[in-house]
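One structure below.
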């Protein structure tokens, strides 16, 4: 419309829309998602402002009409036995009704039909230049790379309660739509399948995230933030978490408040952003637990303990949520103390231990010693020792679970905490923006180049940059007076 909208801070969350091109066989057309226009001009303007860009691709499977499928030919996959919540808020409750998914499989007939379209595949013909996610290969990629496999799993996933649309997970493809249609109808249960939309690949611009601070603010322009696929990530949760951190920091910036950064031992968000900024990406980044070195500390059961206070200080969590967490911490510590000081006799526990395949005790033992055995769970003690059950009836399940984990894995947790504290001491050593890495001849040439390019804010951040060795960090410590 030719209007200009001014803002004190801007966050770009462009998804797959920047110069997006959709590929279905030999057909290609501009789009950010099927049926939606691509965004043009933003990439060009950012490049003119000195930013570096690249090209990536992702794919999506066909969507089919669930009413046209024969589920009797598939294996049902039920939901969680005890569905828990993503939130610790008392305002939400666990899901009562779950929709099942199903599993079916491709077969050699499906593969043969798909192969007939390989000549028209945008991936194999070289029309797609962008790098795709290694962990979500297309069906044609799977057939090509794992030629010895006679079949591949297909997860049949309902899109929601109020739609008949089915997401055919595992069948991501950009082959011609008529070949997709022919092949999908050879999958057991899909003989009469009706397609709502074919699968397609989408190619789009991204900006290497090494151009950002840990706050997701760009190094080149103050108060400009990037979040999501513009940073070379893939996945909904990855995008949502970056949007949250960018949003918090945009607010902090324009209100002259302290920046908000989560560390690697505090949250998976901390691992994700630290990886992006310090290591960059050479393929769409996905968050895996294996990327986190402190994953014993980054557990689902303690997410509220790790993060609620931070949210409360930012004004994002209510005082009642903060009080609930404080109560949980207090109750957890009370349960731990009880287990560390309370003894059980052989007559209290030996029958239970024998039934669990654990050695009986010859004398009195503390409860925490019994619980530390791999065969024994807290529920075993609660269900078989009346005084334990009597004590625990005053506490909720969250606090009991937290106490059990902290008692069972105490040694491992202490070890990981010490490593994290040692690394965090490096995070406390700040490096000034104008620090001249190039002039330090004792650093390796690669380290000087990488440090100059990345401009790390702390010694800890410098230590995680690819090409910067422990010897280089020792040199920097000397120059920083440590």
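Numbers at a glance
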| quantity | calculated |
| --- | --- |
| Any chance residue 298 is within 13 Å of the chain's Cα centre (by Cα) and either surrounded by fewer than 16 Cβ atoms within 10 Å (Cβ to Cβ) or farther than 30 Å from residue 203 by Cβ (or both) | yes |
| Odd one out for residue 221 among (1) more than 21 Å from the chain's Cα centre (by Cα); (2) within 27 Å of residue 78 (Cα to Cα); (3) part of a loop (DSSP other than H, G, I, E, B) | (2) |
| All positions within region 444-456 that are crowded, with 20+ Cβ neighbours inside 10 Å and assigned to a loop (DSSP other than H, G, I, E, B) | 456 |
| Among the candidates 48, 39, residue that is free of Cβ contacts under 8 Å to residues at least 24 places away in the same chain and over 23 Å from residue 168 (Cα atoms) | 48 |
| Among the residues listed as 439, 466, the single one being in contact (Cβ under 8 Å) with a residue 12 or more places away in the chain and not assigned by TED's automatic domain parsing to the domain that holds residue 262 | 466 |
| Selection within region 53-85 - assigned to a loop (DSSP other than H, G, I, E, B) and either more than 30 Å from the chain's Cα centre (by Cα) or loosely packed, with under 11 Cβ neighbours inside 10 Å (or both) | 69, 70, 78, 80, 81, 82, 85 |
| The listed residue being surrounded by fewer than 15 Cβ atoms within 10 Å (Cβ to Cβ), closer than 26 Å to residue 20 by Cα and touching a residue at least 40 places away in the same chain (Cβ under 8 Å), out of 129, 180, 153 | 129 |
| Residue among 140, 112, 148 that alone is crowded, with 18+ Cβ neighbours inside 10 Å, without any contact (Cβ under 8 Å) to a residue 40 or more places away in the chain and under 18 Å from residue 170 (Cα atoms) | 140 |
| Complete set of residues in region 431-441 that are in contact with a helix residue (DSSP H, G or I) (Cβ under 8 Å, 6 or more places away or on another chain) and loosely packed, with under 13 Cβ neighbours inside 10 Å | 438 |
| Complete set of residues in region 174-196 that are part of a loop (DSSP other than H, G, I, E, B) and on the phi < 0 side of the Ramachandran plot | 174, 175, 176, 185, 186, 187, 188, 190, 191, 192, 193, 194 |
| Residues that are farther than 18 Å from residue 15 by Cβ and out of contact with any helix residue (DSSP H, G or I) (no Cβ under 7 Å at 6 or more places or on another chain), drawn from region 183-212 | 184, 185, 191, 196, 211 |
| Identity of the residue in region 415-443, in a helix (DSSP H, G or I) and either in contact with a strand residue (DSSP E or B) (Cβ under 8 Å, 6 or more places away or on another chain) or at pLDDT 95 or above (or both), that ends up farthest from residue 264 (Cα to Cα) | 426 |
| Considering residues of region 152-173 that are in contact with a helix residue (DSSP H, G or I) (Cβ under 8 Å, 6 or more places away or on another chain) and in a loop (DSSP other than H, G, I, E, B) only, the residue farthest from residue 79 (Cα to Cα) | 173 |
| For residue 317: the one exception among (1) surrounded by 18 or more Cβ atoms within 10 Å (Cβ to Cβ); (2) assigned to a helix (DSSP H, G or I) | (2) |
| Odd one out for residue 174 among (1) closer than 30 Å to residue 42 by Cα; (2) loosely packed, with under 14 Cβ neighbours inside 10 Å | (2) |
| Candidate set from region 276-295 (those that are surrounded by 14 or more Cβ atoms within 10 Å (Cβ to Cβ) and in a helix (DSSP H, G or I)); member that is nearest to the chain's Cα centre (by Cα) | 291 |
| Some residue of region 308-320 being more than 40 Å from the chain's Cα centre (by Cα) and over 22 Å from residue 409 (Cα atoms) | no |
| Candidate set from region 468-478 (those that are loosely packed, with under 15 Cβ neighbours inside 10 Å and more than 15 Å from residue 436 (Cα to Cα)); member that is modelled with the lowest pLDDT | 470 |
| Subset tally (residues that are surrounded by fewer than 22 Cβ atoms within 10 Å (Cβ to Cβ) and under 20 Å from residue 138 (Cα atoms)) for region 183-192 | 3 |
| Unmet criterion (only one of (1) in contact (Cβ under 8 Å) with a residue 24 or more places away in the chain; (2) closer than 29 Å to residue 229 by Cα) for residue 291 | (1) |
| Selected residue (criterion: farthest from residue 270 (Cα to Cα)) from residues of region 230-249 that are within 14 Å of the chain's Cα centre (by Cα) and surrounded by fewer than 19 Cβ atoms within 10 Å (Cβ to Cβ) | 236 |
| Selection count where residues are crowded, with 22+ Cβ neighbours inside 10 Å and either at pLDDT below 95 or over 22 Å from residue 30 (Cα atoms) (or both), scope region 204-216 | 4 |
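So that you can scan it fast, the table gives a plain yes or no per residue for (1) assigned by TED's automatic domain parsing to the domain that holds residue 228; (2) over 30 Å from residue 133 (Cβ atoms); (3) touching a strand residue (DSSP E or B) at 6+ places or on another chain (Cβ under 6 Å):
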| site | (1), (2), (3) |
| --- | --- |
| 265 | yes, no, no |
| 269 | yes, no, no |
| 291 | yes, no, no |
| 307 | yes, no, no |
| 310 | yes, yes, no |
| 328 | no, yes, no |
| 337 | no, yes, no |
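The values are calculated or read from the model by the stated rules, or taken from the named source; none is laboratory data. Just so we're clear, the structure is a prediction, and the values are computed from it rather than from any experiment. Virtual Cβ from ideal backbone geometry, glycine too; neighbours counted across all protein chains shown.
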